[in-house]
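The values are calculated or read from the model by the stated rules, or taken from the named source; none is laboratory data. Keep in mind the model is a prediction, meaning the values are calculated, not measured. Note that we place each Cβ from the backbone using ideal geometry, even for glycine, and neighbour counts take in every protein chain shown. The protein model used for the area step is the full one, side chains on, heavy atoms only, and it has no ligands, DNA or RNA in it. Shrake-Rupley method; radii C 1.70, N 1.55, O 1.52, S 1.80 Å.
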Amino acid sequence: MRLDKLLTAAGLTRAQAKRAVAEGRARVNGEVARDAGLRVDGAQVLLDGRPVTEPGEVYWMLHKPAGVLTAMRDAREKTAFSLLPEAVRRREPSPIGRLDRDVTGLLLFTTHGELLHRLISPKYAVEKVYVARVEGTPDEAAARKLAAGVVFADFTARPARLEVLGERLVRLTVTEGRYHEVKRLLAAVGHPVLTLRRESMGGVTLDASLDAGESRPLTDEETGCLFRAAKLERN
Ligand code: URA
């Protein structure tokens, strides 16, 4: 981790971290640090003589509302990242996968690079569960086509599991995470999506007590679920 990142993670704003280094108030292994970009992994860091310790990783869930981009920053549009509390934004967690602007529901964020990589990699086949309002009500034949793996011009989708929840309401479980995947799959079997919400990912379900736009840290148990889904040892 870079020195400036460590200082912002410990609660300083970026400007304060830069100033603290410029003013010679940060020491790394006893030496005054002059470079805010210095790598400090495993080093002893002091700010104004007090130790600064590396904080734990961020694991966070957001109930993404419609109308926001899954991006960290955007010059014109509101982003999902901007909805996180400021102290969390300072840690710069990345979204785990993307939801389209109109799609709502579970969006996870983490600072753990390897976990992020695995959860979005098709190789680890992490389950993502969506609930969709669709045109018409799919029948058994549609479910069979999805289970067999729909063939598109540009790729063949992995098998997806369809449950009909009611009239024009379905749950679809996928393990791939391609661009517009759920919309494309349901359109391909004759049931274009009207609205789409992600319910869960890697065994972590959207907290029903979170209103759209609200977020919270993952519990220890939820974090454990993600590590298991990613076949990654938790350290
Ligand atoms: N599939 C889609 O079509 N859109 C999303 O946002 C996520 C999955």
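Assorted remarks:
- Helix 220-229 vs. the chain, principal-axis angle (Cα, 0 to 90°, nearest 10): 60
- FRET efficiency for residue 161 and residue 220, using Cβ-Cβ distance with R0 set to 30 Å, rounded to 0.05: 0.55
- Neighbourhood net charge (12 Å Cβ-Cβ; Lys/Arg +1, Asp/Glu -1) for residue 16: +2
- Directionally averaged projected area (the chain, Cα convex hull): 14.8 nm².
- Straight-line reach from residue 183: taking Cα to Cα under 21 Å and skipping same-chain neighbours fewer than 8 places apart, the lysines in range are 64, 128, 145.
- Angstrom value of the Kirkwood radius, inverse mean 1/r, which spans all Cα pairs in region 1-139: 17.3
- Taking region 93-194 and dividing mean pair separation by its residue count, relative contact order in percent (alpha carbons under 8 Å, at least six apart): 28
- Solvent exposure of region 40-174 amounts to 50 Å² per residue of accessible area, where only protein heavy atoms count and the probe is 1.4 Å.
- Rg ratio for region 78-199: its Cα radius of gyration over 2.2 N^0.38 Å, N being its residue count, equals 1.14.
- Local electrostatic count at residue 178 - Lys and Arg +1, Asp and Glu -1, tallied over other residues with Cβ under 10 Å: -1
- For the chain, a simple Cβ point-charge model (Lys and Arg +1, Asp and Glu -1, everything else neutral) yields a dipole of about 520 debye relative to the Cα centre.
- Taking all protein chains together and rolling a 1.4 Å probe, residue 1 ends up with roughly 40 Å² accessible.
- For residue 86, the accessible area of its heavy atoms, probed at 1.4 Å with every protein chain present, is near 100 square angstrom.
- Per-residue surface analysis assigns residue 100 an accessible area of about 30 Å², computed on protein heavy atoms at 1.4 Å probe radius.
- Formal net charge of residues neighbouring residue 157 (Cβ-Cβ distance under 15 Å; K, R +1; D, E -1): +4
- Accessible area of region 34-190 belonging to carbon and sulfur atoms, whole % at 1.4 Å probe: 49
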